[in-house]
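Working notes, structure below.
Values in this text are rule-based calculations from the coordinates and carry no lab data. All values reported here derive from a predicted model rather than from experimental measurement. Quick reminder, even Gly has a Cβ in these numbers, built from the backbone with ideal geometry, and neighbours come from all protein chains shown.
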Amino acid sequence: MLSATKTAVRNTYGQSDTVTYIVSIVNSGTTPITGISVTDNLGEYTFGTTTLVPLTYIDGTVKYYVNGVLQPLAVVTAGPPLVVSGITVPAGGSVTVVYEAAVNEFAPLDTTSVINNTAIVAGTGITPITAEEEITVESTPVLTITKSVSPVPVTENGTLTYTFLIQNSGNVAAVVVTDVFDPVLSNISVTFNQTAWSSPANYSYNETTGAFATNSGQITVPAATFTRDEVTGVWNISPGISTLVVTGTI
């Protein structure tokens, strides 16, 4: 008698992540079972009149163990669906199939989204066994910061302006900015999204070392907006944007 379970090494996913899955098959009977295949739909779901697949199998990642011992490569069809075939489960023994899949452009990324994928263990003379696993999108900011300076060049005792363009491609809004200005600025003024800031309410600055830091909770970069192409089903990301400007004298 066969039983099967499917487990993701991590129960969350994010943009461009890799997910590792483990399918465990146990034979509690007294006879080896041959010709077994594992078919994974890689999270397939219906979109309108078509079918989309949010995970892409990563070639060469399948590992096949019998009673914990690594075996020669199984027969793998990348799909989708992914199919691993030619498996034998020994009497009273177990098989473990491990593989990796990449999160692709059809995976939803807004908060509370999930990918639910199904593996089916099947073979001649056995009733197919279904093993499912659900992973949830991470709730986290995904930040990129571009720092620019003007004017260039700057003269001694002149005014220098640093502009931080902060983009958030994640689904949660939050960020703290720290920097060390070199050369050190004096008499600084700070604006965030064109609103004037003051110290110590919004930020701290050390005119001796040039160390600058925004206070926790002061900067909010909006979460990205996730929209879907109504024809292809591809998810598009429009980052949230905020701008921090620091001006001072050198």
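So, R0 is 51 Å and r is the distance between the beta-carbons of I22 and N157; what FRET efficiency does that work out to, to 0.05? So, using R0 = 51 Å, E works out to roughly 0.20. Averaged over residues, the count of other Cβ atoms within 10 Å places the peptides 5-12, 216-223 in the sequence 216-223, 5-12, highest first. Short-range pairs are left out: with C-alpha atoms under 8 Å and at least six residues apart, the relative contact order of the chain is 19 percent.
If the chain linking T136 and V114 were pulled fully straight, counting 0.36 nm for each residue of separation and taking away their Cα-Cα distance, it would gain 7.5 nm. If you plug the beta carbon distance of V180 and I250 into 1/(1 + (r/R0)^6) with R0 = 22 Å, you get a FRET efficiency near 0.95.
Per the Cα gyration tensor, segment 88-223 maps to an equivalent ellipsoid with semi-axes of 54, 16, 13 Å, ordered largest to smallest. Positive-end ranking of V172, V231, V137 along the dipole of segment 99-250, with charges on Cβ about the Cα centre, is headed by V172. Across every direction, the projection of the convex hull enclosing the Cα atoms of the chain has a mean area of 19.0 nm².
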